[in-house]
Structure formats: C-alpha cells, structure tokens
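These notes concern the structure reproduced below.
Please treat every number below as a calculation from the coordinates, not as lab data. What you see is a predicted model, and the numbers here were worked out from it, not measured in a lab. Reconstructed Cβ throughout: ideal geometry from the backbone, glycine too, with neighbour counts over all protein chains shown.
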Amino acid sequence: MRMSEFNEEIPVQIAAGINRLGDGEYTYYSIYPVGPDVPYDEFPYSHEWIQATGIAPDRLTVEIKQRDAEGVHRLYTISRPGGVGDSAETEPIQNGGNTYLVRPAEVLTATDAVQIFQHYYETHSVPPGWSLREQPEFSDTTVAEQYGKGERWSPETGER
C-alpha cells in the first residue's frame, strides 16, 4: 500500500489497514520504505518491511524484516516489553486459512500494532521497549542456502 502524500492522513491509513485484518478479505497488512525519488505509482520490492496478520482487534502478530550490522536481512516477531524468553508455550494466530503459532507476548491488539507501525513509519525502527525474537530460518543467508545459492543479499542493490 502506498501512503498518502499528506502526512496528516498516514495515521488514519495505518489504522484502517490494520483494523480491517481478519474481515474475510484482508489477511495481512505491510508497509516498507520507499525512496523519495521513486514515482508515486511505482511499488519497488523491498527487503525491509513490517507486517501484521491475524484478526483485529485483539488477535494480531507483527513481524519486521530489517538489515543487521553485517548487512544480512533478518526476520523478527515483535513482542510486548519483556516478552522474549525461552517459553515453548504458543498461541494460534489466524491468517486466512493458515494458522501461525506465536508466543503469548507476541499476540497483540490492533492498538498495539498501530502504535508500532506508526513508529516504524516515522523512524524505520521498533518503538523502545518492545522485544524482538529472531526467526533465523528466514534470514537472507538461510534462505539463499536453502535454494543452493549460499550468498548474502547486497544491502546496497538488493541483489545476490
């Protein structure tokens, strides 16, 4: 989804996108950075993004894919402050016909998700205090190795 050219409309767009999740038509909502030189009607692929899935208003989970200091894009599930731990307990989140098992602290409300997305939109980061649990099987290097490439993604060009 391309955001409005009018900054005052963006919080409303984010809230509307998240609050419609689970309505039978929309199963996820995501945003990603787009450079200022990209025309408004173009949608380039991005290796960095934030997405939410589940059923609003109170059974959502949020993931972020971001580049680490070594240039590897890694996927994380966002949890409530202090929520990252070694607990094996899980709860289901529905995404259309799919079920994802996440930790209890990773089950968020639409209000939580809107706050996280708004902060990401403004700063390209997760708000302070929220925790990240890496999903290493989805890092660029792991995915490349699964497909026999064994290479890293170039952070500058997005190519291998």
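Some points to look at:
- Its relative contact order, with pairs defined as Cα atoms under 8 Å and 6+ residues apart, puts segment 7-146 at 25 percent.
- Using a simple spin-label model with pseudo-atoms 7 Å out from Cα toward Cβ, Ala69 and His47 lie 1.9 nm apart.
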